[in-house]
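The values are calculated or read from the model by the stated rules, or taken from the named source; none is laboratory data. Since the model is a prediction, treat every value here as computed from it, not as a measurement. Here the Cβ positions follow ideal geometry from the backbone for every residue, glycine too, while neighbour counts run over all protein chains shown. Accessible surface areas use protein heavy atoms only, side chains included; no ligands, DNA or RNA. Shrake-Rupley method; radii C 1.70, N 1.55, O 1.52, S 1.80 Å.
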Amino acid sequence: MKLRVFDSEQDAASACAAHLAEAVRARPSAVLGLPTGRTPLNVYRELVALASRGALDLSRASTFNLDEFFGIPPDDAGSFRSYMERHFFQHVNLPREHIHFLDGSAQDADAECARYDAELAAAGGLDLVLLGIGGNGHIAFNEPGDSLLAPCHRVRLGRETRQANAALFGDDATRVPLEALTLGMAAILQARRVVLLAFGEGKAGAVSAMVRGPVTPRCPASFLQLHRDVEVWLDPMASQQTQ
Ligand code: PGA
């Protein structure tokens, strides 16, 4: 794992957007794994700015989002699909048919997860995945527990995770869906390159466990220690227990 501490969250976000844009320049048909949440917001803003200046062409790229709430339709204002439309998809030239997303309104969760894994396999897997990390050490919605699952799967969200997503539901954690669908550990660990961003004091403990702790399902992000090409980009606050 290569750690880099930036002077600020904004500096890390700008560098991350430039890094993604470079990956797409090098391989225009790149398959990107994309996160939601607060962490990547500035990255999306910077990518949209690059695209509007003609410095990012996504016309041949494809995206797979990491996860989605289960039990709400894609056009629900709280869904991750809606978040991505608002902050990214609507503003760039990524063809609609190149956008891959889990459908939280699917009747059969297992079939939906199998479909998503098959689509990702058909695309050749992720060339580059951008990740955040939960305060509890989750990546995508692979929550800490006694074990982890390799394939895409349905998951019950922990209280801390629902709290962290309350902003999408009018700051009311009780309105955050109880379950989600998520890419499993295999899709993430098989990505050719990983960039994980973490900002703020609230992430310092999880970052330290990810980087310095044992590899354990109690901290799903710790499995990234087994991957050959992981960049961990932090602001000073998120790095304070890792120095
Ligand atoms: P956050 O979520 O960016 O909203 O902190 C990160 C994550 O849960 O992966």
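Points worth noting:
- The condition of being within 16 Å of the ligand (Cβ to nearest atom) and surrounded by fewer than 17 Cβ atoms within 10 Å (Cβ to Cβ) holds for only one of E119, E179, that being E179.
- Selection over segment 1-59 of residues that are among the acidic types (D, E) and in contact with a Phe, Trp or Tyr (Cβ under 9 Å, 6 or more places away or on another chain) gives a count of 1.
- Matching residues, segment 158-176, being within 11 Å of the ligand (Cβ to nearest atom), open to solvent by 30 Å² or more (accessible area, probe 1.4 Å) and touching a residue at least 24 places away in the same chain (Cβ under 8 Å): E160, A164, A167, L168
- So A77, is it more than 15 Å from T36 (Cα to Cα) and over 15 Å from the mean Cα position of the chain (by Cα): no
- Boolean, E97 is assigned to a helix (DSSP H, G or I), surrounded by fewer than 18 Cβ atoms within 10 Å (Cβ to Cβ), under 16 Å from the mean Cα position of the chain (by Cα) and away from the ligand (no atom under 16 Å from the Cβ): no
Here's the yes/no breakdown for (1) open to solvent by 10 Å² or more (accessible area, probe 1.4 Å); (2) touching a Leu at 6+ places or on another chain (Cβ under 6 Å); (3) more than 29 Å from A114 (Cβ to Cβ); (4) among the hydroxyl-bearing types (S, T, Y):
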residue	(1), (2), (3), (4)
M1	yes, no, yes, no
A17	no, yes, yes, no
A23	yes, yes, no, no
L50	yes, yes, yes, no
F70	yes, yes, no, no
P74	yes, no, no, no
S79	no, no, no, yes
